[in-house]
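Reading through the structure tokens given below for one structure.
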Amino acid sequence: MITKFIKRILRRDPMVKHTQANNTGAPKRIPKKAHRIDPHLLSKNAVKVTDTLQQAGYEAFIVGGAVRDLALGIGPKDFDVATNATPDQVQRLFRKARLIGRRFQIVHVTFFGKGHPEIIEVSTFRALLDNAGDHVAESGRILRDNVWGSQGEDAARRDFTINAMYYDPSSETVLDYHGGMADMQKKTLRMIGDPAKRYREDPVRMLRAIRFAAKTGFTLDAATRAPIAKLSNLLQDVPSARLFDEILKLLMSGYSWAAIQGLKDAGLHHGLLPLLDHILDSGEGSKGANDFVKLALANTDQRIQSGKSVSAGFLFATLLWPDLLKNWKANIAKGISNIPALHDAMDDTIATQSSGMTIQRRFESDMREIWSMQPRFEKRAGRYPYRLIESPRFRAGYDFMLLRCATGEQDPAIGQWWTDFIAADPAGQEALMASAKTEPGSSASSPAKRRRRRKPKSDSSPEPEAG
Ligand code: ATP
Ligand code: MG
């Protein structure tokens, strides 16, 4: 009988490894009148998940960034749930639930409604691995962490105090193990535990510190900030794909310019994107490039803050444009004709980036399309404008060209021409084409045109195809 019972347990939960709860202290229980979380900002699906788990006898809370954002009065972009149920136990309770990850299994519970499906990420409380030497690399970086623990341990493993609060929608209570709510009121971003040790465990936390400070407008606590300068080189050990994801989150946070300034102030930008080194380190000489990138990032922040989408390909195309422009001009000076000079420059620019954080291939083709469209905006005769407008990435290329106009690198009259052309009816478009013919030197800022005027015959290069 007993063996049968043990067998059943083993069959149901082959991965369960609960540690003895460490003495992590009792949480502060914060009632509604103190935390003032507005239940209307909650995702109904997240509440469904905590309710279902609680009704099945488990503990379940909304956790992490969602609680931080709720306490700030911001609607969270996604909801994470933490529970003492194991992934298998969670999976059995929901119809659309998928086990994700090998290093630490979590469950994605998907809800289909109007609009996009919503995924609620459910993770089991994690154990502290303080004494688990075999889990930690020489540098202190955590390599393996698939052990479940108590809620107190789970809280201690989280990064910042404001990211370590647990909200129970049914009682509308917040459980706060590390003084997160007090730090919220003081507008302080504070690392849990010994900051230097926490950065050694996971150097990406240094980037997260900068991102959250930019996003919340909070000040980094002195002890949290102090070790960063000395430990910044640990980012070199982080796998490039993870670094890329984190930088992407930072750029897409809606506060990218502030975050990049934060990286610079903390001395963290070196080696992340060669372009950032270049722009943030050089002074007046790079003013034009700086203006372009600043405008592009401000534009991205504005779009994200107003709930619009931003393509990562577009974003990287803007960040690398000053570099590309420099290479393009250098190629033309070497005597290469305009379009091949641009394509060579694209190769060089992308290749240089691989020395730091690799821009993943999935964005490369978008970037190339946007860039190769740029000289095509200057051809405003024959079938050219009609063909360009039909390219699948036209809108991105056009938005990009408008940014160039805004910094004066492209003639604003060309931007206006295209804006009018898009809006015009066929007769209006013909009239615009006729007017473009008579416009003198409408695109003097392009490296292409300068060459064209000097050596008219060499500009017989074919128009590049998008993609
Ligand atoms: P946002 O989703 O708004 O970017 P977030 O705080 O939710 O912010 P996530 O990356 O979604 O960030 O992580 C969810 C939670 O997991 C965090 O709030 C934090 O408690 C914990 N966490 C994430 N990454 C780490 C890390 N590297 N070290 C420690 N805890 C982490
Ligand atoms: Mg999150």
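If only Cα atoms are counted, what is the Rg of region 167-276, and what is its Dmax, in Å?
When restricted to the Cα atoms of region 167-276, Rg and Dmax are 14.8, 50 Å.
By the gyration tensor of its Cα atoms, with a ≥ b ≥ c the square roots of the eigenvalues, what is the shape of region 385-425: rounded for a/c under 1.5, prolate for a/b over b/c, or oblate?
Because a/c hits 1.5 or more and a/b fails to exceed b/c, region 385-425 counts as oblate.
Considering only protein heavy atoms, what per residue accessible area in square angstrom results for region 297-438 with a 1.4 angstrom probe?
I get 43 Å² per residue for region 297-438.
Explain nothing, just the number: relative contact order of region 297-438, from Cα pairs under 8 Å at least 6 residues apart, as a whole percent.
Value for region 297-438: 19 percent.
More than 18 angstrom separation, counting every C-alpha pair in region 297-438; what % is that?
60 percent
Tell me, what ³J(HN,Hα) does each residue in region 35-46 have, in order and in whole Hz, if you take phi through Karplus 6.51 cos²θ - 1.76 cosθ + 1.60 with θ = phi - 60° and put x for Gly and Pro?
In residue order, the calculated couplings are 8, 6, 5, 7, x, 5, 7, 6, 7, 4, 5, 4 Hz.
Lys and Arg at +1, Asp and Glu at -1: add these up for the other residues within a Cβ distance under 12 Å of Ala317 and post the number.
That sum, taken over residues with Cβ under 12 Å, equals -2.
Please give the peptides 192-202, 254-264 ranked by average Cβ packing (other Cβ atoms within 10 Å per residue), highest first, as a rough proxy for protection.
254-264, 192-202
Based on the Cβ-Cβ distance from Asp38 to Leu432, what FRET efficiency comes out when R0 is 41 Å, to the nearest 0.05?
0.20
So, counting K/R as plus one and D/E as minus one, what does the shell of residues with Cβ under 9 Å around Leu432 add up to?
Neighbour charge sum, excluding Leu432 itself: -1.
May I ask you to order 243-249, 419-425, 61-67, 303-309 by the average number of other C-beta atoms within 10 Å around their residues, highest value first?
Most protected by this proxy first, the peptides run 61-67, 243-249, 419-425, 303-309.
Ignoring ligands, DNA and RNA, please state the percent of accessible area on region 297-438 from carbon and sulfur, probe 1.4 Å.
Answer for region 297-438: carbon and sulfur cover 53 percent of the accessible area.
Determine, for each peptide in 93-99, 236-242, 209-215, 169-175, the mean count of other beta carbons within 10 angstrom over its residues, then list the peptides with the highest first.
209-215, 169-175, 93-99, 236-242
As an exercise, take the mean of 1/r over every pair of distinct alpha carbons in region 291-361, invert it, and state the Kirkwood radius in angstroms.
13.4 Å
Summing +1 for each Lys or Arg and -1 for each Asp or Glu, what net charge is found among the other residues whose Cβ lies under 11 Å from the Cβ of Val49?
So the environment of Val49 carries a net charge of -2.
Taking amide H positions as placed 1.01 Å from N in the peptide plane, with prolines and chain starts having none, which residues 5 or more places from Asp80, or on another chain, fall under 5 Å of its amide H?
For Asp80, the qualifying residues are Val63, Ala66.
The values are calculated or read from the model by the stated rules, or taken from the named source; none is laboratory data. For clarity, every value in this text was computed on a predicted model and none was experimentally measured. Every residue, glycine as well, gets a Cβ built from its backbone with ideal geometry; the counts of neighbours run over all protein chains shown. The protein model used for the area step is the full one, side chains on, heavy atoms only, and it has no ligands, DNA or RNA in it. Shrake-Rupley method; radii C 1.70, N 1.55, O 1.52, S 1.80 Å.
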